[in-house]
Amino acid sequence: MSSEFIKRTDGTQIFYKDWGPKSAQPIVFHHGWPLSSDDWDVQMLFFLQKGYRVVAHDRRGHGRSSQVGTGNHMDHYAADASAVAEHLDLRKAVHIGHSTGGGEVARYVAKFGQPQGRVAKAVLVSAVPPLMLKTTGNPGGTPIEVFDAFRTGLAANRAQFYLDVASGPFYGFNRPGAKVSQGVIQNWWRQGMMGGALAQYEGIKAFSETDQTDDLKAITVPTLVMQGDDDQVVPYADAALIQIKLLKNGTLKIYPGFPHGMLTTHAEVINADLLAFINDNSHS
């Protein structure tokens, strides 16, 4: 099957894609908020052409998965991802997560993938762990007022808010001299509007307030940390630079001037580095 649904114990339908030879090493992609597995189209086609099996699912409440009113938190996200991996019996898999999907990967690998022996490597791209929210223990974090503004914008006019995010900070299109792609903006908006407003509203708390310090400490598989130093959504000093300290087996790559959505704006650079990491046997 090229794409299918699995039904979770609570009745939620999770949509997934599974392309490529079933005998090949699987690469599993975990998308960011408030998007869908479509955000990985460029990567999935690239790795498919390199002979890999590529898998991606739509997070509950996002994309084509059920617009549920429950389970919109990191534990459920990781459990849903695990259900897909178990359903397809994925082994020696490389799990790659962007932004909120990076949090999903960290929890999945720590709680499910590693204990089940299914994971070979992991990649965190512009990822939210260990904790986005500014607290006394995380003074470099983002103030709660920023996330409250996200919630307000989403609740008041989700369509306009998503246009503003995509045409501004997400891809760095608000920077002087930025090469703006209308298609990329429209595709971000399309993915966001496909999902459910409630799941996306509650997802803001999930990606900003989930402390994943212990998840990162528990990960032992080789892990690549990638982030742009002009990330206006997840500040890299409070994300990638802390992730690499907590991981037992991490490699850090910081990209000067790259935005939060660098997997789209700089796909050729990111894809080449992902391929090199996956192929590097010294990491396995």
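Values quoted throughout were computed directly from the atomic coordinates according to the rules given, and no laboratory measurement underlies them. The structure presented is a predicted model; accordingly, all values stated were derived computationally and were not measured. We place every Cβ from the backbone using ideal geometry, glycine too, and count neighbours over all the protein chains shown.
In debye, nearest 20, what is the charge dipole magnitude of the range 91-137 about its Cα centre with +1 on Lys and Arg Cβ and -1 on Asp and Glu Cβ, if you could check? Don't skip to the end; give the middle numbers.
Details: 7 positive and 1 negative charges, 39 e Å.
So the dipole magnitude of the range 91-137 works out to roughly 180 debye.
Comparing 95, 57, 266 in a Gaussian network model of the chain, where Cα atoms under 10 Å apart are tied by springs, the biggest mean-square fluctuation is seen for 266. Mean sequence separation of contacting Cα pairs (under 8 Å, at least six apart), scaled by the length of the chain, corresponds to a relative contact order of 20 percent. With a Förster radius of 22 Å applied to the C-beta separation of residue 249 and residue 92, the computed FRET efficiency comes to 0.85. Straight-line reach from residue 17: which lysines have a Cα under 29 Å away, not including same-chain ones fewer than 8 places off? Qualifying lysines at Cα under 29 Å: 7, 50, 92, 111, 121, 205, 253. Can you tell me the equivalent ellipsoid semi-axes for the range 3-283? Use √(5λ) from the Cα gyration tensor, largest first, whole Å. Its equivalent ellipsoid spans semi-axes of 25, 21, 20 Å.
Which net charge results when you count Lys and Arg as +1 and Asp and Glu as -1 among the other residues whose beta-carbon is under 13 Å from that of residue 56?
Values: positive: 17, 53, 59, 64; negative: 4, 18, 38, 39, 41, 58, 80, 104.
Summing Lys and Arg as +1 and Asp and Glu as -1 gives -4.
Potential lengthening of the chain between residue 211 and residue 7 amounts to 70.6 nm, from the contour at 0.36 nm per residue minus the alpha-carbon distance.
Each label was represented as a point 7 Å from its Cα along the Cα-to-Cβ direction; for residue 49 and residue 180 these points are 2.9 nm apart.
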